[in-house]
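Worksheet: the structure to be examined is printed underneath.
Every number in this text was worked out from the coordinates using simple rules, so none of it is lab data. It should be emphasised that the depicted structure is a prediction, and the values quoted were computed from it without experimental measurement. Glycine gets a Cβ as well: all are built from the backbone with ideal geometry, and neighbour counts include every protein chain shown.
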Amino acid sequence: MEGAGQGDTARGVRYPDLDAEVWPDTLPDGLAGVLERAYGHFASSLDYLTRFADLPPRGCCLVGTPPRQALVFALQGRTVRVLNEAFTIPPDDARRACLALLRAFPRAARVRLEVRFPAADLGLPLRPLAPTYTMVVPLGEGVEAYETRLGRRTRHNLRYSERRLRRAAGEVSVATVPAGPAAQALVPTLVEWKLARFRARGRTTYWERRPDLVDALVDLVGRRGEVLVTSADGRPVALRFLFPYAGAVCSLESGFDPAWAEFRLGSLTLYWAVRAAAAAGAREFQLLWGTPEYKEHLGAERVPATHVSVYRSRAALLARGLDEAATLAWRRARDVNAHWWRARHAARRLAALLTGGRLPARGDDGTTAGGDGHGRR
């Protein structure tokens, strides 16, 4: 899809009435700092978006002077996909960004983004899509406050699991490996464990669907972050890849040796990592998406959001709805027709069984004798 607007698309195109600037084909200098100051979540950091987003970033929309919002986007057909995740943006700034992106790409039909406020507050023609949430452990009050929030039963279960682990393993150690070659060397072990666990369940993991993520994690942990390594008798049995960012800590990946699954290493290593982050004065511990039950037991809270598609006009939104309704009606008609033919063939097979293998003549079931049911011979 072509960029539009005015000026050089390798630079920003300014829309003064929206107090917004769109960089259609490149990411501006200083973007990493703007993202960190605006959102403070690793899933909206430049490191994350350029390595782990579903689509490669194409450009960026800045809102405010100086920029107070930075929405990194990609193009997917006629959709402008905002790649930022787990971020908070006020409705007015989100509206400005959507209008600027639709103006910058006149052939785009919609802008798709995630919002944490009620979708109606955007004040634009839109369609809500899927709800989502991220998991965050609020910190900032120290280790003792975190422990108290866990509750007595959870603390008891964690101590019990740790005692079982130490009895079975003999010597258990927990160490932090800083960013660099030693941390990079642990990535293949993590992937090996993940593949083994998922294949044992007959499932696939995104490490298989997107093998490029292995190189992305190797590259990232070579430059920043750290790995919490739990070892039993001198051999790693659990890994947790942590990335301090904007006063918080993000747990990006974790895994454990399937042979040690009975010892609840996922919960134990998360508990140790959160405690360490609280002791270091982190404001929150970011757990991204999925597996909410065990994360909530360890103090995590859900932060809800909604994916929305924003359209140019109500007419465009209505046209999209009518198009989808027509497609749905066609699919239902196709399915009904398929069910009818399956039922018809099943009835003929049953008739053959009841008549000793002799199928009734075509005309016996109400169709034209000698034809195929459509008047053809």
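Here are a few things to note about the model shown:
- DSSP beta bridge pairing in segment 1-148, given as percent antiparallel to the nearest 5: 85 percent
- If you plug the beta carbon distance of Ser313 and Arg37 into 1/(1 + (r/R0)^6) with R0 = 41 Å, you get a FRET efficiency near 0.75.
- Beta bridge orientation in the chain: antiparallel %, DSSP, nearest 5: 90 percent
- For segment 9-59, the Kirkwood estimate of hydrodynamic radius, built from reciprocal distances between every pair of different alpha carbons, is 12.0 Å.
- Long-range HN-HN contacts of Glu284 with modeled amide H, under 5 Å: Leu139, Val249
- With semi-axes defined as the square roots of five times the eigenvalues of the C-alpha gyration tensor, the equivalent ellipsoid of segment 136-304 measures 24, 20, 16 Å, largest first.
- Sites Arg107 and Arg127 - FRET efficiency at Förster radius 25 Å, r taken between beta-carbons, to 0.05: 0.80
- Take 221-232, 294-305, 93-104 and order them by the average number of nearby Cβ atoms within 10 Å per residue, most first; the result is 93-104, 221-232, 294-305.
- Gain in span if fully extended, Arg349 to Leu55, counting 0.36 nm per residue against the direct Cα distance: 100.8 nm
- In this structure the amide hydrogen of Gln76, modeled in the peptide plane, comes within under 5 Å of the amide hydrogens of Arg81, none closer than 5 places in sequence on its chain.
- Peptide ranges 146-155, 69-78 listed from the most packed, as the mean C-beta count within 10 angstrom indicates: 69-78, 146-155
- Phi-based couplings in Hz for segment 277-291 (Karplus 6.51, -1.76, 1.60; Gly and Pro marked x): 5, 5, 5, 7, x, 5, 7, 6, 10, 9, 10, 6, 10, x, 6
- Against the empirical curve 2.2 N^0.38 Å, the C-alpha radius of gyration of the chain lands at a ratio of 1.32.
- Using 0.36 nm per residue and subtracting the Cα-Cα separation, the extra length available between Asn337 and Arg197 on full extension is 46.2 nm.
- Based on alpha carbons, the Rg and Dmax found for segment 1-158 are 18.2, 64 Å.
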